[in-house]
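The values are calculated or read from the model by the stated rules, or taken from the named source; none is laboratory data. Quantities reported herein were computed from a predicted structural model and do not represent experimental measurements. Cβ atoms come from the backbone with ideal geometry, glycine included; neighbour counts cover every protein chain shown. All accessible areas refer to the heavy atoms of the entire protein, side chains included, with ligands and DNA or RNA removed. Shrake-Rupley method; radii C 1.70, N 1.55, O 1.52, S 1.80 Å.
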Amino acid sequence: VQLQASGGGLVQPGGSLRLSCAASGILGATTLGWYRQAPGRQREFIASVTSGGITDYAGSVEGRFIVSRHNGKNTLDLQMNSLQPEDTGVYFCRARRSVTPVYAAWGQGTQVTVSL
């Protein structure tokens with residue numbers, strides 16, 4: 001499984017940014033998700049979507065971020081709106097499968113900086 005994240009950058013508070021993750025080698029029943037790691041903090045869950053389209057969000061981003069996947073293209077997107085400085089961090093995409101064969105994989109991360 002390989003994951004390639006892109007779309008990070010510098011944005012002002014209140015702005016928007018869209019991240020994308022290209023996945024290859026994944027099987028059916030794989031959940032794709034986004035995680036964030038801010039400086040000096042542990043990596044935290046942001047949002048995920050199952051192969052069936054069920055989404056889940058961290059409370060801190062619900063209503064501002066929208067996660068979507070395109071199964072035919074094996075891509076995962078994260079539309080981030082109303083960005084705040086506390087959204088700053090490295091964003092990682094993750095693939096996880098809980099049925100045999102079980103696996104979990106991380107992408108390389110993309111930097112998002114929210115600042116004036």
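Data for the structure
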quantity: Debye, to nearest 20: dipole size of the range 49-116, +1 on Lys, Arg Cβ, -1 on Asp, Glu Cβ; calculated: 340
quantity: Of Ser115, Ala105, Gly14, farthest towards positive along the dipole that unit charges on Lys, Arg, Asp, Glu beta carbons give the chain; calculated: Ala105
quantity: P(r), alpha carbons of the range 31-88 - 10 Å bins starting at zero, rounded %; calculated: 22, 53, 23, 2
quantity: Neighbourhood net charge (10 Å Cβ-Cβ; Lys/Arg +1, Asp/Glu -1) for Gly89; calculated: 0
quantity: Carbon and sulfur %, accessible surface of the chain computed with the full protein complex present, 1.4 Å; calculated: 50
quantity: Residue-normalised accessible area of the chain, given per residue in Å² at a 1.4 Å probe; calculated: 51
quantity: Nearest-20 debye value, the chain charge dipole, Cβ charges on Lys, Arg, Asp, Glu; calculated: 260
quantity: Reciprocal mean inverse distance between Cα atoms of the chain - Kirkwood radius, Å; calculated: 14.1
